[in-house]
Amino acid sequence: MSSTQSHPAQTGRLAGKVALIIGAGTGIGEAAARIFAREGAHVALADIQFDAVQSVAASVCPDGTKAKAFAVDVTNDDSVRQLADDVMSIFGGLHCLFNTAGGSLPQDSLVTDVPLEVWDKTMNLDLRGTLLGCRYAIPKIIASGGGSVVNMSSGAALRGSGKAHVYAAAKGAIVTITRNLAGAYAQQGVRANAICCGRINTQRIRDTYGIPGQPGKSEDAMKVDETIKTYPYWFGEPEDVANIALFLASDESRMITGVSVPADGGRSAY
Ligand SMILES: NC(=O)c1ccc[n+]([C@@H]2O[C@H](COP(=O)([O-])OP(=O)(O)OC[C@H]3O[C@@H](n4cnc5c(N)ncnc54)[C@H](O)[C@@H]3O)[C@@H](O)[C@H]2O)c1
C-alpha cells in the first residue's frame, strides 16, 4: 500500500490544515465537518450541543486523532476565547475558521412588530457569535502563518423583501464585517468571505419552515413550493453549502477575499 493510501488525510484540498467549525453539531456545520475531514483537515468541531458535536467528531474520526469536539457558547466571550486557546494547544495551529452557528427565530417579523427579545437573541447568536469567533480565531490564524475565515450570512442579507427584519439585519452586518475583516487582515495572510445561501434542508428548517411538498410549522412554510417554481436552485442540501465553505477555506480560492457568495439559486439576481 502506498503512503497516500495508508494516510488518506495527508492528501485532499485541506491537507495539512487545522479547521475550526463553530456550529458543527448539526446541519451545515455537521456536513462541513465531514467534508473538511474527508479533504484532509484536522477538524476542531465546536457547538453548544456537546453530545451532538461529540458524536459528529466520533463518526468523522473514531480514534480522535484528527477530529475533536469542543463545547462552546458563541454568545459568551470567555467561552469563545477558551475555545480558540484550546484548539491551538491541542492541534498546534489554526488555518481555517467556519463560523456557522446561527439561525432565525420563527417569531422574527417586521421592524414595527418584532418582539425585542427576538432582537437580543438573534443579534447575540448570529452577529455577536460571528464576531467573537473572528475576534479569537483570527489572531491564532495569523500566528499559524495565515488562512481563511468563512462566515455564514444568508440570502436574507441580499434582498429587501424578507419579513424577518432582525435576522436580515444580523446577516447583513455579517456581510459588512466580513468585508472589513478582509481589508484589515490581508497583510497578515488572512482572507475572509461569507456565504449567503437560500433555503437549506436541515432539521431546524424542516421543523420550522418545511421543505418542498411538506410544510413546516411557520407561515413561511407555505411559500417554499411557490418560491422554487421561480428559483429552482434556491433549495439545497447542507453539503451544497459545505462544498462552498470548503472552496473558500482552501487555497483554491486564494484570490478571493471580502466577498459574500450568493448561493441563493439566483434569488438575489432576478
Ligand atoms: N438552513 C438554512 O436554510 C439557512 C439559510 C441561510 C443561512 N443559514 C445560516 O447557516 C447557519 C447554519 O444553519 P443550519 O440550518 O445548519 O442550522 P442548525 O440549527 O442545523 O445548526 C446550527 C448549529 O449551531 C449550534 N448553535 C446554536 N446556538 C449556539 C451557540 N450559542 N453556541 C454554539 N453553537 C450554537 C446549534 O446547536 C447547531 O448545531 C446559520 O448561521 C444560519 O443562519 C441557514
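Each reported figure results from applying straightforward, stated rules to the coordinates on display, with no laboratory input. These figures come from a predicted structure and were not determined experimentally. All Cβ positions, even for glycine, are placed from backbone atoms using ideal geometry, and neighbour counts span all protein chains on display.
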Name the residue farthest towards the positive end of the dipole of region 121-242 from the options Gly216, Val149, Leu132, assuming +1 on Cβ of Lys and Arg, -1 on Cβ of Asp and Glu, about the Cα centre. Leu132
From DSSP H assignment alone, runs of 4+ in the chain each adding -39500 (n - 2.57), the sum over residues rounded to the nearest 500 puts [θ] at 222 nm at -12500 deg cm²/dmol
Pairs Lys140/Lys171; Lys140/Lys217; Lys17/Lys223: which exceed 31 Å Cα-Cα? Lys140/Lys217; Lys17/Lys223
Would you mind estimating how fast the chain diffuses translationally, via Stokes-Einstein at 37 °C and 0.692 mPa s with the Kirkwood radius over Cα pairs, in µm²/s? 176 µm²/s
Could you pull out every one of the aspartates and glutamates with an alpha carbon less than 19 Å from that of Lys121, ignoring same-chain neighbours closer than 8 positions? Asp47, Asp73, Asp77, Asp78, Asp108, Asp113
Ranked list, fewest to most other Cβ atoms within 10 Å of each Cβ, for Lys223, Lys217: Lys217, Lys223
